[in-house]
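The values are calculated or read from the model by the stated rules, or taken from the named source; none is laboratory data. Given the structure is predicted, the values throughout are model-derived calculations rather than measurements. A quick note on method: Cβ atoms are made from the backbone with ideal geometry, for glycine too, and the neighbour counts reach across all protein chains shown.
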Amino acid sequence: MATRARKQLTLDARGVYYRQLNERIRQAASQGVSRFVLNNVNGQRYIATGLVGDLVFDIHGVPGQDMAAFMCGPLIRVSGNAQDGVGNTMDGGKVVIDGIAGDVIGYAMRGGRIYVRGDVGYRVGIHMKAYMDNVPVIVVGGKSGDFLGEYMAGGIILLLGMFSDKRCSPITGRSMGTGMHGGVIYVRGEVPEEQLGPGLHAQPVGADDLRTIRGIVKDYARELKLDGEDILSGGFMKVRPFSHRPYGNLYVPA
Amino acid sequence: MKAAHRDFDFQKDISGCGIFGVIHKKRGLLPGEMPIRAMACMHDRGNGLGAGYAAYGIYPEFADKYAFHLMCDDEAGVDAAEQLLRRFFDVAESEPIPTRRVPAVRKPPVVWRYFVSPKKDRPAGYRSLDELDYVVSVVMRINTRVPGAFVFSSGKNMGAFKGVGFPEDIAEFYRLEEYSAFIWTGHNRFPTNTPGWWGGAHPFTLLDWSIVHNGEISSYGINRRYLCENDYECTLMTDTEVVAYLLDLLIRKHGLSKQMAAKVFAPPFWDEIERMPKAEAEAMRALRITYGSAMLNGPFAILVADNSGLFGLNDRIKLRPLLVAEKDDMVFMSSEESAVREVCPELDRVWMPKAGEPVIVNLEA
């Protein structure tokens, strides 16, 4: 794909209201533009939200809330930090954030990938789910706040704890994985047991896990120009649910 | 408030309040344009039913006087409030707060300001109070006894400016760009449980305390009753009012530090207390036991300012966003990073503080 010449549009987003910006993007996409360079983005909401297909976005600045919500397909690169709600219920595609990101990243995400270089806020990857080949992945290069992967039902979260300026904080906040009943959270290094949700325990990773981690890290390192071997040189632990669909029989008994 | 007439095609506004604060640690004066632009960047976090600002260092020519900002339904309200004020204070200056007519700001109240100092010969029943308690009691008296008149700030060398409108409209109404301050806070309101009226806009203040808040205080009932026992009466029909008075009670009256007050508002969980070193655990236990009625339940991100500095605090499970950024001698606190970048594109450091952990920035002496 990268070799095909793309029809490109560069937009200066300074002072442009989010509705106008997103209308312009949608209109251009419908006319065959597939590469967007957005300069001076600052707080505009819903960028690439609901967009479907093979589109590429280079975002310079700080995109606003709910970037890439319901998105299916596009690749977004953010040169700086992102705010809250990135990839809300995202369906497919990839978001690469070369900075920190806010709260509720990848909420109820059901496909695609979100890579964050630095720290993330609270409630990242909550309600993530997977179905057959649709396995969403979130990689956090820094540390996370509380409730990482809460109510997770599928997908993969990889928490590295490496690229953080919070030297004194634990790698993850409280209540990690609380209520999870699907998917897996991989953590580089040790998992502080007191930060895990009730009933959860960290377990050593197996050969299959390592293969999965290696594949994800390779792509993550390539996208963010990081040293993949360095990332892989640390040990990994995993947190998995202890129940599967605990309420499956609640309304329709098997 | 009227319900929407055409609820069948009503478009839901997805939003939450927006807050912004900035402090210049060396008391460098920052133009009003800075908080105005930052708040305008977060326009969509509010819905036009409330906005406001607090500014510190704006009245240097009256720095030793209490600056009373009053909003009144009509001239009669101003007269009644002024009559009461003059019984308790010597008034050095009295004038309308400068405003301009703004189409978006409909039916504003009459806003007036007084620079006052307590009378030498105080009314009977008020002689034993220390000066600050005396000022607080007059604020409470006006708010509860003078119909249609409310004090919306009462500190020295600071002032609140607030009303019903979007932040940029309220700023235009109060001609905020004409002020410069070393601490600014701003608020954009999306009222949920309480009316969007002039008195209910943020900031809420008492003496030189001011607070802007995104969230809701579910413990309002308990907090309000606790305050009532301590002679603070809530009259503004909005949950955030309790925080302004709790700050005065805990920090000024009871001598708690800002750090400790923050732990009263957002106490650590019991299991966290159990893992603390013994002395710290005992202190936290004592705070929770003593000040259970001052704990703030519910989601909040708050910015608190007074003449010593600015601090930001989240509820202990961070149900509202808060970001802190530094640039040279300035520290910013905001719901969104974009609001900070709007007024200061290059930043030295940006981070999101831990839930329940206050970020306290004091002015340098």
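Quick rundown of the values:
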{"item": "Residue match in segment A:173-184 (condition: over 16 Å from A:H127 (Cβ atoms) and either within 14 Å of chain B (Cβ to nearest Cβ) or within 22 Å of the chain's Cα centre (by Cα) (or both))", "result": "yes"}
{"item": "Pairs with Cβ under 6 Å, 6+ apart, first in segment A:188-211 and within 14 Å of chain B (Cβ to nearest Cβ), second basic (K, R)", "result": "A:Q195/A:R174"}
{"item": "So A:P170, is it within 26 Å of A:L224 (Cβ to Cβ), assigned by TED's automatic domain parsing to the domain that holds A:D119, touching a Pro at 6+ places or on another chain (Cβ under 6 Å) and modelled with pLDDT of 95 or more", "result": "yes"}
{"item": "Residue list for segment B:135-160, restricted to those being on the phi > 0 side of the Ramachandran plot and either crowded, with 21+ Cβ neighbours inside 10 Å or hydroxyl-bearing (S, T, Y) (or both)", "result": "B:N157"}
{"item": "Residue list for segment B:200-231, restricted to those being touching an Asp or Glu at 6+ places or on another chain (Cβ under 9 Å) and over 14 Å from B:V243 (Cα atoms)", "result": "B:D231"}
{"item": "Number of the exception - A:V120 against (1) over 25 Å from A:V52 (Cα atoms); (2) buried (at least 22 other Cβ atoms within 10 Å of the Cβ); (3) more than 10 Å from every other protein chain (Cβ to nearest Cβ)", "result": "(3)"}
{"item": "Number of the exception - A:G15 against (1) part of a loop (DSSP other than H, G, I, E, B); (2) buried (at least 17 other Cβ atoms within 10 Å of the Cβ); (3) within 14 Å of another protein chain (Cβ to nearest Cβ)", "result": "(2)"}
{"item": "Top-ranked residue of segment B:37-60 - restricted to ones that are over 24 Å from B:A92 (Cα atoms) and within 16 Å of the chain's Cα centre (by Cα), ranked as nearest to the other protein chains (Cβ to nearest Cβ)", "result": "B:M39"}
{"item": "Counted residues, segment B:61-109 - those being free of Cβ contacts under 8 Å to residues at least 24 places away in the same chain and closer than 17 Å to B:F152 by Cβ", "result": "4"}
{"item": "Matching residues in segment B:323-361 - criterion: being among the aromatic types (F, W, Y) and either more than 10 Å from chain A (Cβ to nearest Cβ) or touching a residue at least 60 places away in the same chain (Cβ under 8 Å) (or both)", "result": "B:F332"}
{"item": "Test set (1) surrounded by fewer than 22 Cβ atoms within 10 Å (Cβ to Cβ); (2) at pLDDT below 95 - B:G28 fails condition number", "result": "(2)"}
{"item": "Any chance A:N88 is modelled with pLDDT of 95 or more and surrounded by fewer than 17 Cβ atoms within 10 Å (Cβ to Cβ)", "result": "no"}
{"item": "Hits in segment B:304-314 - residues which are crowded, with 21+ Cβ neighbours inside 10 Å and either outside any strand (DSSP E or B) or more than 12 Å from every other protein chain (Cβ to nearest Cβ) (or both)", "result": "B:V304, B:A305, B:D306, B:L310, B:F311, B:G312, B:L313"}
{"item": "Residues (at pLDDT below 95 and not small (G, A, S)) located in segment B:46-73", "result": "B:N47, B:L49"}
{"item": "In segment A:224-254, the residues that are farther than 18 Å from A:V187 by Cβ, in contact (Cβ under 8 Å) with a residue 60 or more places away in the chain and of a type outside the set (A, V, I, L, M)", "result": "A:S243, A:H244, A:R245, A:P246"}
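Results for (1) within 14 Å of chain B (Cβ to nearest Cβ); (2) assigned to a strand (DSSP E or B), shown as yes or no for each residue.
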site: A:A28; (1), (2): no, no
site: A:F36; (1), (2): no, yes
site: A:F57; (1), (2): no, yes
site: A:H60; (1), (2): yes, yes
site: A:A68; (1), (2): no, no
site: A:K94; (1), (2): no, yes
site: A:G106; (1), (2): no, no
site: A:G111; (1), (2): no, no
